[in-house]
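J.: Attaching a single structure in structure tokens format; questions to follow.
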Amino acid sequence: MITLDDVSKRYPNGTFALRDVDLRIDAGEFVFVVGSSGAGKSTLNRLLIREEMPSSGRVVVDGQDVARMKRSQVPHLRRKVGVVFQDFKLLQTKTVAQNIGFALVVTGHHPDVVREETDRALALVGLTPRRQHFPRELSGGEQQRTAIARALVSRPRILIADEPTGNLDPVTSWEIIKLFVRVNELGTTLLMATHNAEIVNALRRRVIHLDQGAIVRDEREGLYAA
Ligand SMILES: Nc1ncnc2c1ncn2[C@@H]1O[C@H](COP(=O)(O)OP(=O)(O)OP(=O)(O)O)[C@@H](O)[C@H]1O
Ligand SMILES: [Mg+2]
């Protein structure tokens, strides 16, 4: 589902964020990406949605070479790869339902389809009763669930979460993680960058450890630090 062949990323200011990364993630996997601040986790995520280009090497997502695809194909890539961030990034002037359906509206889907798919995503994250609320009226966990529903509304094959529990208390963090586990069980490949050792150690999934842009460890049923 995701392949990186000898990928390096050097930002224009000279910083090497990734070095010679080789990686293969199969469809249906649940993968944690860990490593200290600046290790390259967010850079890896950005390469997968072509928010950044690799400086060298090849990034292949669902059979497509991300660097070689036409600009016009990028929206298609971004529907295949849903993204969730630490700070939610919701549109404050739109309701929960509007935030979730927005991507479908701008891609010209029929209002009935927008409504149907939004309802499905709302139900999946358990937010149907909050559909008409605005982000500022929600708890942090509810805001993150809205962001997850927004990421899932296009039925992506891959969901990338960048430190999704960073702004949440431990109980709420667990609710979000349980939701990711369910989404993964429904067939979505899941990639989660995190500093949360407790969650990584409890779930015992694949753990990819980055250090200064290089993969220093990649273990099935791994721990946060071995
Ligand atoms: N747009 C950018 N321009 C220049 N350097 C950058 C840019 N984004 C990130 N970097 C640098 O690249 C390296 C990797 O950063 P990245 O954000 O990928 O790390 P991270 O593992 O996500 O860190 P954190 O845990 O703090 O989120 C760091 O040295 C960072 O300073
Ligand atoms: Mg980061």
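J.: Out of (1) among the β-branched types (Val, Ile, Thr); (2) more than 16 Å from ligand 1 (Cβ to nearest atom); (3) within 24 Å of SER173 (Cβ to Cβ); (4) touching a helix residue (DSSP H, G or I) at 6+ places or on another chain (Cβ under 8 Å), what's the single condition that is false for ILE25?
T.: Looking at each condition in turn, ILE25 falls short on (4).
J.: Look through the range 30-47, keep the residues that are more than 6 Å from ligand 1 (Cβ to nearest atom), surrounded by fewer than 22 Cβ atoms within 10 Å (Cβ to Cβ) and farther than 22 Å from VAL181 by Cβ, and return whichever of them is nearest to the chain's Cα centre (by Cα).
T.: Out of the qualifying residues, it is ARG46.
J.: Hey, can you tell me all the residues within the range 48-76 that are within 16 Å of ligand 1 (Cβ to nearest atom) and at negative phi?
T.: Selection gives LEU48, ILE49, GLU51, GLU52, MET53, PRO54, SER55, SER56, VAL59.
J.: Conditions: (1) over 18 Å from the mean Cα position of the chain (by Cα); (2) under 21 Å from ILE208 (Cα atoms). GLN73 meets all but one. Number of the miss?
T.: If we test GLN73 against (1) over 18 Å from the mean Cα position of the chain (by Cα); (2) under 21 Å from ILE208 (Cα atoms), just (2) comes out false.
J.: Shifting gears a bit: Within the bounds of the range 105-116, is there any residue that is at pLDDT below 95, within 16 Å of ligand 1 (Cβ to nearest atom) and surrounded by fewer than 17 Cβ atoms within 10 Å (Cβ to Cβ)?
T.: Scanning the range 105-116 turns up no residue that is at pLDDT below 95, within 16 Å of ligand 1 (Cβ to nearest atom) and surrounded by fewer than 17 Cβ atoms within 10 Å (Cβ to Cβ).
J.: Considering ILE177, ILE148, ILE199, which residue is in a helix (DSSP H, G or I), of a type in the set (A, V, I, L, M) and closer than 18 Å to ILE49 by Cβ?
T.: ILE148
J.: I need the strands (runs of 3 or more DSSP E) fully contained in the range 1-118, keeping only those with at least 1 residues that are more than 16 Å from ligand 2 (Cβ to nearest atom) and among the hydroxyl-bearing types (Ser, Thr, Tyr).
T.: 2-10, 56-61
J.: Output yes when any residue across the range 84-96 is among the aliphatic types (A, V, I, L, M), touching a strand residue (DSSP E or B) at 6+ places or on another chain (Cβ under 6 Å) and away from ligand 1 (no atom under 13 Å from the Cβ), and no when none is.
T.: yes
J.: For ASP218, all conditions in the list (1) in a strand (DSSP E or B); (2) within 17 Å of the chain's Cα centre (by Cα) hold save one; what is the number of the exception?
T.: Single failed check for ASP218: (2).
J.: For the range 119-129, how many residues are assigned to a loop (DSSP other than H, G, I, E, B) and surrounded by 14 or more Cβ atoms within 10 Å (Cβ to Cβ)?
T.: 1
J.: Could you tell me how many of the residues in the range 57-73 are surrounded by fewer than 14 Cβ atoms within 10 Å (Cβ to Cβ) and touching a residue at least 24 places away in the same chain (Cβ under 8 Å)?
T.: Total satisfying the criteria: 0.
J.: Separate question: Given ILE148, ILE176, ILE215, which one is within 15 Å of ligand 1 (Cβ to nearest atom) and not basic (Lys, Arg)?
T.: Checking each option against the conditions leaves just ILE215.
J.: Then there's this: What number of residues in the range 43-56 are touching a strand residue (DSSP E or B) at 6+ places or on another chain (Cβ under 7 Å) and either free of Cβ contacts under 8 Å to residues at least 40 places away in the same chain or under 30 Å from GLY140 (Cα atoms) (or both)?
T.: Residues that pass the stated criteria total 7.
J.: From the list SER139, SER154, SER173, which residue is of a type in the set (Ser, Thr, Tyr), surrounded by fewer than 15 Cβ atoms within 10 Å (Cβ to Cβ) and away from ligand 2 (no atom under 16 Å from the Cβ)?
T.: It is SER139.
The values are calculated or read from the model by the stated rules, or taken from the named source; none is laboratory data. As the structure is a computational prediction, the values presented were derived from the model and not from experiment. Every residue, glycine among them, receives a Cβ derived from its backbone with ideal geometry; neighbour counts consider all protein chains shown.
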